[in-house]
Amino acid sequence: MIALVFGAAYALKTPAFEVPDEVAHYWRATAAAYGHVVVGARVALPRGYRVIVWALTLTPDAPRVTPERIRNAKGVMLQDEYRDATPVAGLYSPATYVPQIVAAAVARAAKVRPYFSFFAGRLATLVFCVAALVFICRGPFRAHFLAVALLPMSLFLFGSWSADALTIVAGFLVTALLLQRVDDTAVLAAVAWLSLCKPPYVLLALLVLAVPAQRKFKALVIAVMIAGTMAASAMTMTGMEMPNPRYRPIDTRAQFRFVAADPLHFLAVLAHDTRLNGRDYLESMTGRLGRYELKLPRWTTWMLWLLLLAVGVTCGPPLPLRARLLMWAIAIAVWLATLTYLYLTSSIAGGDVIEGTQGRYILPMLPALLATLRVRALCIPLPAVVIYAVAIVANVMGIRVLLAHYW
């Protein structure tokens, strides 16, 4: 209920396209509903999907939502008979947008105006994520998933068109199934889904190496990881570059050549990014709203970090040392893979800065990282009511920040 209430508030009160890269995600999911499963160039979409972006996007000259803007946006028609070439970024496969695609397909069939179908897509994503979390947040590691799922950053993404929403849920699902060893078939299906979302996070499936399982099953999990990653790459490599050449000279192939020719320079770029932005990643992981510019009050961030630390050290059974070390190795590998991907797809060719790195990329693996902090001597787990209370206070502050900035 907490997730539904605050997730709906984020979905409805966050202005359209004020979530990181939401225009790209919106067009990508909508393109899939129109049959464009693999995207490598501009695709023909009804004109209304481009007009609504123009009608609702806030600008420095008009940074707040007004009744006139909403009234004009509600009047935008679908115009299915007029198809415009739309610059869809095929960075992710359709597996990352299941509820969004369903919402877009229903809107297409019912000829719903883009304004209403946009917010319906946000709410569909929220309901899907919360329904999945009801299944995930059970068992001995329930508190870890609850605490992370109810963070303002998580609920903000769940109520959006962002590919991060389902990636977080898929990452949670793989982690929960492996830690609890629920069902082998379910594990394989979850690993396959995660590999088709954002491939770096499929490394979470390597936790299978630290759980009791037959070698044959472990080999099968790794095979699914590799097959899913190859399938996702085949669907997305043709459209790896974010369509924004006016502002950044991005060339993925040239970037590959730069990295191959001078790998030490690339390692220096990684080190520089970690040193420069490490603290910001940790702060923004709990909540950074809007397009990444709206911060929670400092005391709220500290309260959330204390909650996560308390959950980690007191809740759940202690993991073996082997599992803890493996999880941290996986987390480092996922983070480096994510930075590499962003350097190739979103950063200036040959540049010294990695563009697009944000703390929200830690969320899919955060519950497993919290589980590695368990202190065996602490026998009294943190009560769930504390998690709920902190979540309510933090998300009230998140909604206040949004309202004060946009409304």
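The values are calculated or read from the model by the stated rules, or taken from the named source; none is laboratory data. Treat the numbers as computed from the prediction; the structure is a model and nothing was measured. Using ideal geometry, Cβ is built from the backbone for each residue, glycine included, and neighbour counts are taken over all protein chains shown. What goes into the accessible areas is simple: the full protein's heavy atoms, side chains included, and nothing from ligands, DNA or RNA. Shrake-Rupley method; radii C 1.70, N 1.55, O 1.52, S 1.80 Å.
What the table below lists for this structure:
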quantity	calculated
Apportionment of accessible area to carbon and sulfur, region 67-213, percent (1.4 Å)	65
Test item: Cα-centred dipole of region 39-186, Lys/Arg +1 and Asp/Glu -1 on Cβ, debye	360
Interchain or long-range residues, amide H under 5 Å from L294's placed H	L289
P(r) tail fraction, region 1-93 - alpha-carbon pairs more than 16 Å apart, %	61
Under-5 Å amide H pairs with Y82, H placed in peptide plane, nonlocal only	R47
Virtual spin-label span in nm between R215 and V353, 7 Å along Cα→Cβ	5.1
Most to least accessible of D251, D352, D280 (protein chains only, probe 1.4 Å)	D352, D251, D280
Highest-MSF residue in the chain out of A368, A120, A44 [GNM, Cα springs under 10 Å]	A44
For region 20-33, 3J(HN,Hα) per residue [Karplus equation, 6.51 cos²θ - 1.76 cosθ + 1.60, θ = phi - 60°, Hz, x = Gly/Pro]	x, 6, 5, 4, 4, 5, 4, 5, 5, 5, 5, 4, 5, 5
Local net charge near A44, Cβ-Cβ under 14 Å (Lys/Arg +1, Asp/Glu -1)	+2
Computed label-point distance, nm, for sites C379 and A105 using a 7 Å Cα→Cβ extension	5.4
Residues of the chain: accessible area per residue with a 1.4 Å probe, Å²	43
Dipole moment magnitude, nearest 20 debye, the chain about Cα centre, only Lys, Arg, Asp, Glu C-beta charged	580
Cubic angstrom per residue, convex hull over Cα atoms of region 334-402	136
Vicinal HN-Hα couplings computed from phi for region 336-341 (Karplus, 6.51 cos²θ - 1.76 cosθ + 1.60; Hz; Gly/Pro x)	5, 5, 5, 4, 5, 4
In region 1-109, GluC sites (Glu not before Pro) in a DSSP loop with at most 11 other beta-carbon atoms within 10 Å	E81
Integer Hz, Karplus 6.51/-1.76/1.60 couplings in order for region 188-204, x for Gly and Pro	4, 5, 5, 5, 4, 4, 4, 5, 8, 7, 10, x, x, 6, 5, 4, 4
